[in-house]
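Participant: Sharing a structure with you now.
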Amino acid sequence: MEKINIGTNTFVYPNPVTLLGANVEGRANFMSLGWVSRVNAEPPYIGIAVNKAHHTIQGILENKTFSINFPDAGMVEATDYCGLVSGKTKDKSQIFKTFYGELKTAPMVKECSLSLECKLIDRVDLPTNIFFIIPRSLMRVITLIVVLPGWCINRRTSQRSSGTPGNKINISMNSGGQAIALKMSPQKLSL
């Protein structure tokens, strides 16, 4: 197959579409973000690249905290809107149900199946973007919501209860990155 030069501004697809959350001027703001990557193996670091023109950068630099939220396909319209409209001109704080974790200044999206609460440790200023670096040890409240029929567990209180189909199981990872594994059978849910 013959190769075609497509220029230098290329992307490796697919990239996950995420929602970057930050408090800007005391209010939750969200923008669509595609440049999220693991950037170091040991210790594990994550990096995000954000164009300098985005309003959300103001909140990241002010608070040194932010969130990375992973929306599902049912959130495509709201996620797209957050990428098309600037927080400079529109209040995006009411688009989602927001919550805060231990850092208190990184708004997270309750509807997302995975939310990372992040504390900034370093940044690299590039010609058009700022590359923010977050070590895994400074990420908190990583929540995965799984819908399983008949069971509900609150990981924060370790309470288990049976319930109706469609209940959610909240699974958290601690700040050391230790994951929780679930085993499921019709009669038993164990950690």
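Every number here is computed from the coordinates shown, using simple stated rules; none is lab data. All values derive from a computational prediction rather than experimental measurement. For neighbour counting, all protein chains shown are included, and Cβ atoms are generated from backbone atoms with ideal geometry for every residue, glycine included.
Participant: Of all trypsin sites (Lys or Arg not before Pro) in the stretch 1-92, which ones are in loop regions per DSSP and have a Cβ with at most 15 other Cβ atoms within 10 Å?
Facilitator: Sites meeting the loop and neighbour criteria: K3, K52, K88, K90.
Participant: If Lys and Arg each add +1 and Asp and Glu each add -1, what is the summed charge of the other residues whose beta carbon sits under 11 Å from the beta carbon of V85?
Facilitator: +1
Participant: Which ³J(HN,Hα) values, rounded to whole Hz and listed in residue order, are derived for the stretch 47-54 from phi using the Karplus coefficients 6.51, -1.76 and 1.60 in 6.51 cos²θ - 1.76 cosθ + 1.60 with θ = phi - 60°, glycine and proline given as x?
Facilitator: Rounded to whole hertz, the list is x, 10, 10, 10, 4, 4, 6, 6.
Participant: Taking other Cβ within 10 Å of each residue's Cβ, how do I133, I48 sort, fewest first?
Facilitator: Starting with the residue having the fewest Cβ neighbours, the order is I133, I48.
Participant: Among L84, L61, which comes first, then next, by fewest other beta-carbon atoms within 10 Å?
Facilitator: L84, L61
Participant: Using the Kirkwood formula on the Cα atoms of the stretch 18-141, what hydrodynamic radius do you get, in angstrom to one decimal?
Facilitator: Evaluated over the stretch 18-141, this radius sits at 14.2 Å.
Participant: Please find the FRET efficiency linking E77 to K104, where r is the Cβ-Cβ separation and R0 is fixed at 30 Å, and quote it to the nearest 0.05.
Facilitator: 0.55
Participant: Could I ask something else about it? Arranged by the count of other C-beta atoms within 10 angstrom, fewest first, what order do Y81, Y13 take?
Facilitator: With the fewest neighbours first, Y81, Y13 line up as Y13, Y81.
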